[in-house]
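I have placed the structure first, in the form of C-alpha cells, so that the comments after it can refer back to it.
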Amino acid sequence: MRITKATTFIVGNPWKNWLFVRVDTDQAGLYGIGEGTLNGFAKSIEATIHELAPRYEDQDPFQIETIYQRMTRDMYSDGGQIHGNAVAAIETACWDIIGKVTGRPIYDLLGGRYHESLPAYANGWYAGPRTPESFAELARVVVARGYKALKFDPFGAAWRTMDPVERKLSIDIIAAVREAVGPDVQIMVEGHRRFSVAEAIWIGERIVEYAPTWFEEPTDHTKIDATAEVGRRLAVPVAAGESFTTTHQFAELLKTNAVHILQPDPSNMGGIWRTRMVCAMADANYAVVAPHQAQGPVSTAACVQIGACTPNLLVQELFDEFNVEWEREVVVPPVEVVDGRIQIPTGPGLGIDLNWREIEKHPYQVSNFLPLFAPGWERREGARQSLPDAAAAVDAADQTA
C-alpha cells in the first residue's frame with residue numbers, strides 16, 4: 001500500500017480557519033483524514049503540506065516513524081509550529097488509515113484503551129463582555145450542561161504587565177466565576193503567555209484563594225527557565241507546553257522539576273505519536289497531561305484517541321460544544337459529551353469522517369483570526385472583529401487624499 005496524494009480543505013470557522021487534509025492511498029476508497037490548524041496560518045500550512053509531498057507520497061502509511069523523519073529531520077530546516085502542523089495533518093491521516101486497515105481504533109494501536117470515558121473541560125464558552133457578571137452568567141450555563149471543569153482567560157489584552165484597574169478587573173472575574181460554579185467545579189486560569197515573571201507571580205499569589213486547578217502558560221514558552229521560575233514560586237500549579245514543537249523542549253521543562261501539568265498539542269507536535277511520547281515522558285517524571293486542543297473537530301478526535309490510552313491523563317480540553325453550531329455537521333459522528341465526560345468512539349482509526357458537502361459551505365476568510373492582544377478578542381467575532389480596523393484604514397486613506 002502506498003500514499004498517492006494529499007488534498008487540503010480550509011474551513012472558515014469565524015475565529016480560526018480550520019485546515020483539514022485527506023490522504024489517499026492506491027487502494028480504492030481507502031483514505032485517512034487529519035488536521036493542521038494554527039491561528040492565522042491556514043494558507044501557510046496548506047502550502048507546507050503540498051511542499052512536503054515528495055516526503056510522504058509513495059510511502060507506506062504504516063511506516064509512521066519513517067514518514068515523520070522524512071518530513072522533519074531530513075528537511076534539516078526547522079519550520080516551527082507551521083511545520084509541525086503540516087506534519088501532524090499527514091501523520092494523523094496515516095494513523096487513521098492504519099486503523100481502518102486493521103479495523104481498530106488508534107488507541108488500540110498505542111497500548112489499548114485505558115479509560116472508559118475522558119474528563120473534559122470546556123473552553124470558548126465566555127464569548128461575551130469582559131465583566132465579572134458576564135463571565136459568571138456564562139459559567140453557570142457551562143455547569144448546567146454537565147461540565148465539571150472550565151477554563152477562561154480573564155486578562156483582556158494584557159501584555160507583560162497590567163495597571164491597577166486591569167489587575168482588579170481580572171481578579172474580580174476569577175472570583176465571580178468561582179462563586180458562580182461553587183467549590184466542586186474545577187476552574188483553569190489561562191495566561192496565554194502574556195506576562196513577565198514578576199507579573200505572573202503577583203497574579204498567581206492572589207488567585208490562590210479561588211483554588212484554580214492551574215495557571216496556564218503565564219509566561220512566554222520560549223524561555224523555559226521563566227516558566228519554571230513561576231512554577232517554583234507559586235502554590236497554584238502551573239501548566240505549560242501547548243506551544244512546544246519537540247520532545248526536547250518538554251525534556252528541558254521536566255528537568256526543572258517545577259511544572260507537572262504538561263499540555264502537548266498534537267498539531268504543534270507533529271501528530272499523535274510524538275504527543276504520546278510526551279505523555280510517557282511526563283509519566284516518568286510523576287507528571288500528568290492535559291493535551292491542548294483549540295483547533296477543529298478532527299484534532300479533537302486525535303486527542304480523544306491519545307487520551308483513551310494514556311493512564312496519566314488529567315483532563316482533555318474541549319471547544320467543540322462552544323464553537324459555531326454547524327461544527328457538529330462537519331464531522332460524522334461529532335464528539336459526544338455526557339455529564340462533562342467525552343465518550344470514546346469504538347470505530348476504526350479516528351472513528352470519524354468529514355462531511356465533504358458541509359465543508360464546501362464555509363470558505364476560508366483571512367479575517368477568521370483570534371487577536372489575543374486586541375481588546376474584545378474574547379468575543380471571538382472573527383470577521384466582525386476586524387471591521388473597526390478596516391474603517392480606520394478607510395478614514396486614514398480619506399484624510400491622506
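The values are calculated or read from the model by the stated rules, or taken from the named source; none is laboratory data. Keep in mind that this is a model prediction, so the values were computed, not measured. A quick note on method: Cβ atoms are made from the backbone with ideal geometry, for glycine too, and the neighbour counts reach across all protein chains shown.
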Residue check: is residue 132 of a type outside the set (Lys, Arg), outside the structural domain of residue 189 (by TED's automatic domain parsing) and either modelled with pLDDT of 95 or more or surrounded by fewer than 17 Cβ atoms within 10 Å (Cβ to Cβ) (or both)? no
Residue set 221, 192; condition under 17 Å from residue 294 (Cβ atoms), in contact with a Leu (Cβ under 8 Å, 6 or more places away or on another chain) and part of a loop (DSSP other than H, G, I, E, B); output residue 192
Please verify whether the range 160-172 includes one or more residues that are assigned to a loop (DSSP other than H, G, I, E, B) and at negative phi. yes
Examine the range 7-14 for a residue that is touching a residue at least 24 places away in the same chain (Cβ under 8 Å), of a type outside the set (Gly, Ala, Ser), in a loop (DSSP other than H, G, I, E, B) and in contact with a strand residue (DSSP E or B) (Cβ under 7 Å, 6 or more places away or on another chain), and state whether such a residue exists. no
Matching residues, the range 214-269, being closer than 19 Å to residue 41 by Cβ, out of contact with any Phe, Trp or Tyr (no Cβ under 8 Å at 6 or more places or on another chain) and touching a residue at least 60 places away in the same chain (Cβ under 8 Å): 243, 245, 266, 267
Considering each of 82, 98, 106, 90 in turn, give the residue that is in contact with a Pro (Cβ under 7 Å, 6 or more places away or on another chain), surrounded by 14 or more Cβ atoms within 10 Å (Cβ to Cβ) and in contact (Cβ under 8 Å) with a residue 12 or more places away in the chain. 98
Output the number of the condition that residue 327 fails; it satisfies all remaining conditions of (1) surrounded by 14 or more Cβ atoms within 10 Å (Cβ to Cβ); (2) over 14 Å from residue 296 (Cα atoms). (2)
